[in-house]
Amino acid sequence: MVTLAEVAQHAGVSASTVSYVLSGKRSISATTRQRVEQSIRELGYHPNAGARALASSRSNIVALMIPLRTDMYMPVMMEISIAVATAARGYGYDILLLTGQEGPDAVRRVTGSGLADGMILMDVQLDDERLPLLRTTKRPSVLIGLPADPSGLTCVDLDWSATGALCVDHLAGLGHRDIAVIGEAPGVYERHTGFAVRTLDGLRERARELGVRALHRPCEAGYDALAATLARIFDERPATTGFVVQNESAVEPLLSLLRQQGRAVPEDVSVVAICPDQVATQAPVRLTSVAIPAAEMGRRAMEQLVAKLEGRGSAEVALIAPELTVRASTGPGQV
């Protein structure tokens, strides 16, 4: 393994000069800097991470807090995580992945130990227990999600309220007056997870404005759970002709059950999904959908965090406007 002393000898400078080039703590002439950087490249020198952290008081590590829960759709969470990691590497940072459901304790571990220079937090709840600590620590942080009170915080998210409203706009525009929402598992709403609650609030508000009747039913994963939920919906609202699905695991069982019941999509029933494009386009009927911009959310969160680490960022909320793509699953409501 190449040492710092060998780099210094190769570049014809002192070891301390190489150290200053790496840390940026002192001004070095452009000619000397270029000579040292060329030696680093030619020799393939990689600074020891621990020594570099001690010298600069920076670890070049970002903590990504992504609690793994059985009632969340993990492919979306992983896509966001990969986007964060990819963007981080472009800025010279590595990712420390924290997957436990530790809440404030995870924040305390990072802020108290110096494990990471900054934090990105996912699975944000409206009254998230981690927020008071984030507001008081000097460690920069970004939320992928929007709490009830975002004051003093930096947040990146899809505009979920607008997403719910957009689904109603589309179905109401086709003449559907009775719609049902097949939502996430009950635990997601019980925790007041921001994206699910905001979607439902936006949907209900727009339904009231347009005179559309909207029924919401959460649903656990699995065919049997979806069958029971669908039976309950038609028992309560037999005139339902439009569905909004915010539950990726429910998509295929829903289409299968509707087909078994002789309800054709979109001739008898229309379906709009809030899901990744891959789920919408690979369904048995290509679904009209609002895509989840997971990659953009992850990338923008990392960009915001780097700006804060460099002293350029500030507390702000960046909401991504939803986009609805019309495919084969929606059509005119029955008169």
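The values are calculated or read from the model by the stated rules, or taken from the named source; none is laboratory data. As the structure is a computational prediction, the values presented were derived from the model and not from experiment. Don't worry about glycine lacking a Cβ; one is built from the backbone with ideal geometry, like all the others, and counts go over all protein chains shown. Remember, those area values only see protein heavy atoms, side chains included, never the ligands or the DNA or RNA. Shrake-Rupley method; radii C 1.70, N 1.55, O 1.52, S 1.80 Å.
Is one or more of the residues making up the stretch 89-104 outside any helix (DSSP H, G or I), in contact with a helix residue (DSSP H, G or I) (Cβ under 9 Å, 6 or more places away or on another chain), over 21 Å from R299 (Cα atoms) and open to solvent by 40 Å² or more (accessible area, probe 1.4 Å)?
Within the stretch 89-104, one or more residues are outside any helix (DSSP H, G or I), in contact with a helix residue (DSSP H, G or I) (Cβ under 9 Å, 6 or more places away or on another chain), over 21 Å from R299 (Cα atoms) and open to solvent by 40 Å² or more (accessible area, probe 1.4 Å).
Within the bounds of the stretch 228-251, is there any residue that is surrounded by fewer than 20 Cβ atoms within 10 Å (Cβ to Cβ), in contact with a Pro (Cβ under 9 Å, 6 or more places away or on another chain) and not assigned by the TED database to the domain that holds M74?
Checked against the condition, which is being surrounded by fewer than 20 Cβ atoms within 10 Å (Cβ to Cβ), in contact with a Pro (Cβ under 9 Å, 6 or more places away or on another chain) and not assigned by the TED database to the domain that holds M74, the stretch 228-251 yields no hits at all.
Can you say whether M72 is out of contact with any Leu (no Cβ under 9 Å at 6 or more places or on another chain), modelled with pLDDT of 80 or more, under 27 Å from A291 (Cα atoms) and open to solvent by less than 80 Å² (accessible area, probe 1.4 Å), as far as the supplied structure shows?
On the way: out of contact with any Leu (no Cβ under 9 Å at 6 or more places or on another chain): yes; modelled with pLDDT of 80 or more: yes; under 27 Å from A291 (Cα atoms): yes; open to solvent by less than 80 Å² (accessible area, probe 1.4 Å): yes.
Here the answer is yes, as M72 does meet what is asked.
I'd like to know if the stretch 253-269 contains one or more residues that are open to solvent by 10 Å² or more (accessible area, probe 1.4 Å), touching a Cys at 6+ places or on another chain (Cβ under 7 Å) and under 30 Å from I82 (Cα atoms).
Taking every residue of the stretch 253-269 in turn, none turns out to be open to solvent by 10 Å² or more (accessible area, probe 1.4 Å), touching a Cys at 6+ places or on another chain (Cβ under 7 Å) and under 30 Å from I82 (Cα atoms).
Select, from A172, A148, A85, the only residue that is out of contact with any Lys or Arg (no Cβ under 6 Å at 6 or more places or on another chain), open to solvent by 10 Å² or more (accessible area, probe 1.4 Å) and in a loop (DSSP other than H, G, I, E, B).
A148
Just one of G175, G183, G202 is modelled with pLDDT of 95 or more, within 19 Å of V251 (Cα to Cα) and in the same structural domain as F243 (by the TED database); which is it?
Just a single option satisfies the conditions, and that option is G183.
Residues that are of a type in the set (A, V, I, L, M): list the strands (runs of 3 or more DSSP E) wholly contained in the stretch 216-335 that include at least 2 such residues. Let's see the steps before the verdict.
Numbers: elements: 242-245, 270-274, 288-290, 317-320.
In the stretch 216-335, the matching strands (runs of 3 or more DSSP E) lie at 242-245, 270-274, 317-320.
Which residue, of R135, R139, is part of a loop (DSSP other than H, G, I, E, B) and not assigned by the TED database to the domain that holds V265?
Every option except R139 fails the conditions.
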